[in-house]
1. Residues of the stretch 57-518: accessible area per residue at 1.4 Å, in Å²?
2. With θ set to phi - 60°, apply the Karplus curve 6.51 cos²θ - 1.76 cosθ + 1.60 along the stretch 319-324 and write out the HN-Hα couplings as whole Hz, x wherever there is a Gly or Pro.
3. So between residue 207 and residue 58, what do we pick up on full extension, going 0.36 nm a residue minus the alpha carbon distance?
4. For the stretch 269-400, what is the largest minus smallest coordinate of the Cα atoms on each principal axis, given in angstrom and ordered from greatest to least?
5. Given Cβ point charges of +1 (Lys, Arg) and -1 (Asp, Glu) and nothing else, what value in debye, to the nearest 20, does the dipole of the chain about its Cα centre take?
6. Place the peptides 473-480, 202-209, 127-134 in order of packing, highest mean first, counting for every residue the other Cβ atoms within 10 Å and averaging per peptide.
7. To the nearest 0.05, how large is the calculated FRET efficiency for residue 501 and residue 401 if R₀ is 60 Å and r is the Cβ-Cβ distance?
8. Give me the percent of the accessible area of the stretch 356-414 that comes from carbon and sulfur atoms, probe 1.4 Å, all protein chains in place.
Amino acid sequence: MAVATATATLSSSSSLPFHSLHQQFPSKYFTVRPITVSLSEKIPAVTQSSEFTKLPIRTIPGDYGLPLIGPWKDRQDYFYNQGKEEFFRSRIQKYKSTVFKTNMPPGNFISSNPNVVVLLDGKSFPTLFDVSKVEKKDLFTGTFMPSTELTGGYRVLSYLDPSEPTHEKLKKLLFFLLSSRRDYIIPQFHESYTELFKTLEKEMEKNGKADLNSANDQAAFNFLARSLYGANPVETKLGTDGPTLIGKWVLFQLHPLLTLGLPKVLDDFLLHNFRLPPALVKKDYQRLYDFFYESSTAVLNEAGNFGISRDEACHNLLFATCFNSFGGMKIFFPNMLKWIARAGVELHIRLANEIRSAVKSAGGKITMSAMEKMPVMKSVVYEALRIDPPVASQYGRAKRDLMIESHDGVFEVKKGEMLFGYQPFATRDPKIFDRPDEFVPDRFVGEEGEKLLKHVLWSNGPETESPTVENKQCAGKDFVVLVSRLLVTEFFLRYDTLDIDVGTSPLGAKITITSLKRA
């Protein structure tokens, strides 16, 4: 496999929504180790690159066009004329560079400045993680920031730069939440996703097919509430409304970045030219807030020790749970099952045999140590995170004049310029990954596979690094990896194989299960 030469040590940065799934177990409390095999030799250290001085210094190609017209034209290409993938691919071909200038949506009347320098390869992209080089203040959603009326009047953690004192306090609070509830994750996942499987089976019996997405949304919210807060939403005033309320609330934050499949002119006019009034979802948000305030007493009590008010803490817990974690599970779980289903029966048999054998050896229970003995399962999860990261876009503003290195050249970026990276191009970089556009289930198994983990970037940082209060790597990085592994493990303990139909939705793949074979 072609492996890119290692570049400078990476810090981390913040990223767009959902992916966020953004809450992780800090390594001091909990560790999801990379895939390992028994080896007598040690893996040799990766040499630092000495190519920087040998690469040509290039002017950043591309332009922003005329004011108003340029951003509008790029937005039309991005959403309607080309689509995201072709938008970037065509410009790489046009400029013969993975680093170039363009405008990013929404532009014009929502964002004050849509001009960005795009980084689309695995060598330049990690600049976005280095908080010594880029500022992350108010850049979680890119060139615009949603109204704080949607988050209780607070700039929540995702919008804070690590240089801001509140960033450390809030990230420590999330670390506390995750560490204090770590013993509930595996049993509550089993309970919530057993309910999901039963729902799918009943729907299959009735209709011959089942909608995975809606069932997954309910299971994901129930799991997060039960495992992190010890509350069962169905037994509260919230009932089963959680996913619907979250969906409406998220739409009001992300509509400038979405398309809903309406007629082009109507879709663009309604979503990309002005902000939807936060007052329209105020009552929905209040219901969510009340649920979290009543369910998170222990964490809110702890917030005072970090110097955070109960109100600010609750709004941050709601955002981290509903926007980041729930959003990540909503997007990534269907996407991951899509790739697994498409990989075919041979992979399904391998996963079923490996998972059932390891669980049987652990006395019939799913444990952390049992999952460590499932190298193919772990590799499948990493490969899904590589090929289809739940958060595709990341931003950072240059803190100073920078020299940014791609595989082919060095580019000068001026202080204050906005940097943007579209992650699927970085994690499908053909100079790093062999067969980059293919889902290769055992890509990360073994010694050579472990070396590639540093190029898996879904968490706002390399998979080989950990979230800290000094960086913007997802607080829940290890949490997300764990629950993704649990989904694959639970699924293949219960089923031998599945068939699906794949459609599209504003947020990821829409999966209809057409066949499920029980073990």
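1. On the way: 17480 Å² over 462 residues.
The answer is 38 Å² per residue.
2. 5, 4, 7, 8, 7, 7
3. On the way: separation 149, 0.36 × 149 = 53.64 nm, distance 5.87 nm.
So the extension gain works out to 47.8 nm.
4. On the principal axes, the stretch 269-400 reaches 51, 44, 40 Å in Cα extent.
5. Working: 64 positive and 59 negative charges, 33 e Å.
Taking the Cα centre of the chain as origin, the dipole is about 160 debye.
6. On the way: 473-480: 28.1, 202-209: 12.1, 127-134: 22.6.
Sorting 473-480, 202-209, 127-134 by mean packing, highest first, produces 473-480, 127-134, 202-209.
7. On the way: r = 51 Å, r/R0 = 0.84.
FRET efficiency, residue 501 to residue 401: 0.75.
8. Working: 990 of 2040 Å².
Result for the stretch 356-414: 49 percent of the exposed heavy-atom area is carbon or sulfur.
The values are calculated or read from the model by the stated rules, or taken from the named source; none is laboratory data. Because the structure is predicted, anything quoted here is derived from the model rather than measured. Positions of Cβ are backbone-derived with ideal geometry, glycine not excepted, and every protein chain shown enters the neighbour counts. For accessibility, only protein heavy atoms count, side chains too; no ligands or nucleic acids. Shrake-Rupley method; radii C 1.70, N 1.55, O 1.52, S 1.80 Å.
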